[in-house]
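These notes are about the structure you will find just below.
The values are calculated or read from the model by the stated rules, or taken from the named source; none is laboratory data. All values derive from a computational prediction rather than experimental measurement. Please note: Cβ atoms are built from the backbone with ideal geometry, for glycine as well, and neighbour counts cover all protein chains shown.
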Amino acid sequence: MKAMVLTSFGGPDSFARQDLPDPRPGPGQVRVAVHATSINPLDIQIRRGDYADQVALPAIIGHDVSGVIDEIGSGVTGFREGDEVYYTPRIFGGPGSYAEYHVADTDIVARKPANLTHSEAASVSLVGVTVWEALVQRARLQVTETVLIHGGAGGVGSIAVQVATAIGARVLATARGSDAARVARLGASEVIDFEREDYGEAVDRLTEGPGVDVVLDTLGRDTLSRSPRLLREDGRVVSLVDTATPQNLIDAWGRNATYHFVFSRQSAGKLDALTRLLERGLVVPQVGLELPLAEVAGAHARAEEGRVKGKIVLRVRS
Ligand SMILES: NC(=O)c1ccc[n+]([C@@H]2O[C@H](COP(=O)([O-])OP(=O)(O)OC[C@H]3O[C@@H](n4cnc5c(N)ncnc54)[C@H](OP(=O)(O)O)[C@@H]3O)[C@@H](O)[C@H]2O)c1
C-alpha cells in the first residue's frame, strides 16, 4: 500500500511517500480501505516531535478514518466486507490513517452515517468522540444549563456548539469576530469576539452575573484558573488541553467546581451516539478544504497558517 510516512520530526515536509506491505487483520480486527482522513492539531504536534517519546519513527500518523471494510479477521461477527465505517485509530496505539489501508479492533469501529460522504465522516470522528466524552459523558450538560465553549469556530468547538445546541443548552462561544456569524449559525446564542472583549467580562454581561454551568476549555493557558470565576455553584470545567505551567485553582472551592481532564478515548459506542445526531442533521460536519493524501505537506502547512475555516480533509481514494 501507499502511505505518507513521517520519517523525521520537523516541518510539514517531514513526510515521504512509501510503498509498504498491505496490513492484514488479526482476530477481532477488520481491514479498512481508507477513503478519507483529516488533519487534527495532534497530527501537527506529533510531526513537530512533541510526543517523540510515544511515537517511534518511521511512523504512519493520522487520527481519522472513513472507508470501506475489505477484509475481516477471524471471530468478527458484527461487520462484513463492503461495510462503510468511520473511527479514530487508537491514539499512540499503532499505525494511523495517512495510508491506503488501516487495520483496527472492531470495538473502536462504527458504521459511517448514511447521509455523510467519506470526507465529511473523516472530518468528525476524533473531534466528535472528544465532544461526546467532554459534554455528554463528563460534564453531563443539561437542557436547562448554559455552556461556554472556547474556540467555537475550531474543529472541536464547531462540533461542540452543535452538540450543546442539540442538547438544548444555552451556548456562549468564543471566536474571532470574522467567524462570529458562522458560529452563530451553528447554534451559539451569543458569540464573544475574543479579540475585542475579555471573555470573563462578556460572560458577566451575558448571564447578568450568575455565570455558566459548564466551560469547555480548548485553549489551555490560564483557562483552568480563570474558569471558576465564570461558573455557577456546582459548575464543571472540561479541559482538553494539557497545561505545563502550575495553575492556581483556589477559586474553584468557592463554586464547588468539578474539573474533568479529557484525553479522547476511542469507542464505537460514542461514535454510534454521534451518528444519531449526524443522521438527523443536528450536527453538520464542517469541511473547509479537501486535498489528496499526497499533498499532506501542503495540508499541514495550511493547517498551521490557520486560515482555512473548517476541517482539512485528506482524500486517500477519490
Ligand atoms: N484532549 C483531547 O482528547 C483533545 C481532542 C481534540 C483536540 N484537542 C485539543 O484541543 C485544541 C483544539 O483543537 P481543535 O481541533 O478545535 O483545533 P482548531 O481547529 O485549530 O481550533 C482552535 C480554534 O480556537 C480559536 N482560537 C485561537 N485563539 C483563541 C482564543 N484566544 N480564544 C478563543 N478561540 C481561539 C482558533 O481560531 P483561529 O484559527 O482563527 O486562530 C480556532 O478556531 C487543540 O489544542 C487540540 O490539540 C484535545
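Tell me which residues, restricted to the stretch 270-287, are in contact with a helix residue (DSSP H, G or I) (Cβ under 9 Å, 6 or more places away or on another chain), surrounded by fewer than 17 Cβ atoms within 10 Å (Cβ to Cβ) and not aliphatic (A, V, I, L, M). Hit for the stretch 270-287 is 280, nothing else. No other residue among 295, 304 is of a type in the set (Asp, Glu), in contact with a strand residue (DSSP E or B) (Cβ under 9 Å, 6 or more places away or on another chain), on the phi < 0 side of the Ramachandran plot and outside any loop (DSSP other than H, G, I, E, B) apart from 295. I'd like to check something: does the stretch 167-185 contain any residue that is surrounded by 18 or more Cβ atoms within 10 Å (Cβ to Cβ), within 15 Å of residue 287 (Cα to Cα), under 14 Å from the mean Cα position of the chain (by Cα) and outside the structural domain of residue 37 (by TED's automatic domain parsing)? Checking the stretch 167-185: not a single residue is surrounded by 18 or more Cβ atoms within 10 Å (Cβ to Cβ), within 15 Å of residue 287 (Cα to Cα), under 14 Å from the mean Cα position of the chain (by Cα) and outside the structural domain of residue 37 (by TED's automatic domain parsing). Taking the listed residues 278, 289, the one that is assigned by TED's automatic domain parsing to the domain that holds residue 38 and either farther than 30 Å from residue 50 by Cα or within 24 Å of the chain's Cα centre (by Cα) (or both) is 289, with no other qualifying. Here the stretch 215-248 is the region considered, the condition is being part of a strand (DSSP E or B) and within 16 Å of the ligand (Cβ to nearest atom), and the residue that is surrounded by the most Cβ atoms within 10 Å (Cβ to Cβ) is 216. Screening residue 216 against (1) closer than 30 Å to residue 115 by Cβ; (2) not assigned by TED's automatic domain parsing to the domain that holds residue 178 leaves a single unmet condition, (2).
Consider only pairs whose beta carbons are under 6 Å apart and that are at least six residues apart or on different chains; among these, list those whose first residue lies in the stretch 41-58 and is touching a residue at least 40 places away in the same chain (Cβ under 8 Å) and whose second residue is among the β-branched types (Val, Ile, Thr) and more than 13 Å from the ligand (Cβ to nearest atom). From the stretch 41-58, the pairs are 43/61; 46/55; 46/61; 58/5; 58/7. Outside the structural domain of residue 44 (by TED's automatic domain parsing) and among the charged types (D, E, K, R): is that true of residue 138 in this structure? Answer is yes for this residue. Filtered by the rule that a residue be assigned to a loop (DSSP other than H, G, I, E, B) and either within 16 Å of the ligand (Cβ to nearest atom) or surrounded by fewer than 11 Cβ atoms within 10 Å (Cβ to Cβ) (or both), the stretch 249-262 gives 250, 262.
How about the stretch 127-211: which strands (runs of 3 or more DSSP E) wholly inside it have at least 2 residues that are more than 12 Å from the ligand (Cβ to nearest atom)? Walk me through it before giving the result.
Values: elements: 146-149, 170-175, 190-193.
Per the criteria, 146-149, 170-175.
Based on what the data block shows, is residue 104 surrounded by 19 or more Cβ atoms within 10 Å (Cβ to Cβ), within 16 Å of the ligand (Cβ to nearest atom) and at negative phi? The answer is no for residue 104. The requirement of being within 23 Å of residue 123 (Cα to Cα) and surrounded by fewer than 18 Cβ atoms within 10 Å (Cβ to Cβ) is fulfilled somewhere in the stretch 17-26, by at least one residue. Restricting attention to the stretch 263-291, the residues that are assigned to a helix (DSSP H, G or I) and within 16 Å of the ligand (Cβ to nearest atom) total 3. Scan the stretch 269-280 and tell me whether some residue there is more than 21 Å from residue 137 (Cβ to Cβ) and either among the aliphatic types (A, V, I, L, M) or at pLDDT below 95 (or both). Looking through the stretch 269-280, none of the residues is more than 21 Å from residue 137 (Cβ to Cβ) and either among the aliphatic types (A, V, I, L, M) or at pLDDT below 95 (or both).
So, of the residues in the stretch 41-50 that are within 11 Å of the ligand (Cβ to nearest atom) and of a type outside the set (Val, Ile, Thr), which turns out to be farthest from residue 242 (Cα to Cα)? Even if it seems obvious, please write down each step before you answer.
Going residue by residue through the stretch 41-50, those that are within 11 Å of the ligand (Cβ to nearest atom) are 41-46, 50.
Narrowing further to those that are of a type outside the set (Val, Ile, Thr): 41-43, 45, 50.
Numbers: 41: 13, 42: 12, 43: 16, 45: 12, 50: 12 Å.
Of everything passing the filter in the stretch 41-50, 43 is farthest from residue 242 (Cα to Cα).
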